[in-house]
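Contents: one structure, followed by commentary.
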């Protein structure tokens with residue numbers, strides 16, 4: 001079930017002597033898998049590129065990817081979590097004028113989306129060969145905003161045309177060829193923040209408009225027609241959206257808080273709980289058993305496990321900057337900060 005999702009990166013970087021010194025205390029790049037109460041962070045294998053996306057197949061293979069395009073040549077970093085909890089280097093494609101923004105997985109593969117100078121960027125991760133390769137993209141796109149995979153290679157992508165922010169939706173049943181993109185006219189000029197498809201017909205798409213209000217629409221015919229879902233006017237963003245049939249879980253943001261939101265009706269009705277800290281990403285082993293990461297007070301890192309609407313903080317050490325992403329398989333979750341990786345069995 002679990003699909004890895006990501007959010008837009010927070011506006012800070014883990015840098016400076018204090019952060020690196022704390023990372024150094026963690027020793028070599030192996031990750032401890034803890035049982036929910038105490039989790040140890042470990043420095044990423046390369047510090048030249050900040051980690052930006054983390055993804056896990058449902059079978060349990062996790063990877064983290066980052067890109068730094070300011071160097072000569074540009075630096076792309078990949079790391080692969082081994083079954084024993086340690087992390088190893090993973091070769092990723094070259095990254096000239098590249099960003100990575102999103103990822104989604106199935107049982108034996110993942111798609112990683114972003115943009116490059118020529119338009120959309122998609123990479124495919126194959127755990128069998130421990131390799132990442134360049135994949136075919138929908139024609140005419142200028143950057144991937146969101147991905148959602150609901151089966152082996154069965155994926156949907158929202159990308160932008162680069163014209164006043166117009167977005168489009170495309171589908172694939174093999175992860176390498178795409179249907180003709182369908183315009184998302186209701187998102188014109190708005191930033192798409194989340195996508196979740198339960199099959200090739202039923203999808204939810206969230207966007208934030210220029211007034212910082214959330215737009216949430218549903219399709220039941222593969223993107224031909226859309227129906228808006230009413231959401232509170234206080235919501236400024238909806239991210240980390242994951243759905244199975246009519247059940248969904250997501251993060252909602254307001255001007256003053258982060259909310260964990262659940263629904264059993266494809267967002268016709270929802271329940272929420274206010275989180276104690278600023279949440280940046282959410283991922284789940286099942287829809288009732290999740291992990292949320294973000295930033296605690298005074299710039300500290302924060303991780304919590306969620307069962308239903310009950311949230312329990314997890315103690316962290318050697319995680320000197322806020323966690324920016326998390327992904328879950330069926331039994332293990334991995335999270336990233338700019339230069340740190342952590343793993344746990346929630």
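Taking the condition free of Cβ contacts under 8 Å to residues at least 40 places away in the same chain, out of contact with any strand residue (DSSP E or B) (no Cβ under 7 Å at 6 or more places or on another chain) and either surrounded by fewer than 24 Cβ atoms within 10 Å (Cβ to Cβ) or under 17 Å from residue 254 (Cα atoms) (or both), does residue 304 pass? Taking the combined requirement at face value, the residue does not satisfy it.
May I ask you to list the residues in the stretch 251-271 that are surrounded by fewer than 16 Cβ atoms within 10 Å (Cβ to Cβ) and either in a strand (DSSP E or B) or touching a helix residue (DSSP H, G or I) at 6+ places or on another chain (Cβ under 7 Å) (or both)? Residue satisfying the conditions is 271 alone.
The set of residues in the stretch 317-339 being modelled with pLDDT of 95 or more and part of a strand (DSSP E or B) consists of 325, 326, 327, 328, 333, 334, 335, 336, 337. Number of residues in the stretch 276-313 that are assigned to a loop (DSSP other than H, G, I, E, B) and within 17 Å of residue 214 (Cβ to Cβ) equals 0.
Within the stretch 235-250, one or more residues are within 18 Å of residue 192 (Cβ to Cβ) and in a loop (DSSP other than H, G, I, E, B). Sub-8 Å Cβ pairs linking a first residue in the stretch 117-132 that is in contact (Cβ under 8 Å) with a residue 12 or more places away in the chain and at positive phi to a second residue that is in a strand (DSSP E or B) and surrounded by 14 or more Cβ atoms within 10 Å (Cβ to Cβ), at least 6 apart or interchain, are 130/80, ordered by first then second residue. The test for being buried (at least 24 other Cβ atoms within 10 Å of the Cβ) and not in a strand (DSSP E or B) holds for residue 92.
Assessment of the stretch 52-70 against the conditions (over 16 Å from residue 303 (Cβ atoms) and modelled with pLDDT under 75) yields at least one matching residue. Within the stretch 330-342, the set of residues being under 16 Å from residue 290 (Cβ atoms) and surrounded by 24 or more Cβ atoms within 10 Å (Cβ to Cβ) comprises 333, 334, 335, 342.
State all residues of the stretch 177-204 that are loosely packed, with under 15 Cβ neighbours inside 10 Å and assigned to a loop (DSSP other than H, G, I, E, B); if no residue qualifies, say none. If the condition is that a residue be loosely packed, with under 15 Cβ neighbours inside 10 Å and assigned to a loop (DSSP other than H, G, I, E, B), then 177, 180, 188, 189, 199, 201 are the ones that fit.
Restricting 162, 222 to those that are out of contact with any helix residue (DSSP H, G or I) (no Cβ under 9 Å at 6 or more places or on another chain) and modelled with pLDDT under 95 reduces the list to 162.
Would you check if residue 276 is in contact (Cβ under 8 Å) with a residue 12 or more places away in the chain, surrounded by fewer than 21 Cβ atoms within 10 Å (Cβ to Cβ) and more than 23 Å from residue 106 (Cα to Cα)? So residue 276 fits the description; yes.
The values are calculated or read from the model by the stated rules, or taken from the named source; none is laboratory data. These numbers were taken from a predicted model, which means no experiment stands behind them. We place every Cβ from the backbone using ideal geometry, glycine too, and count neighbours over all the protein chains shown.
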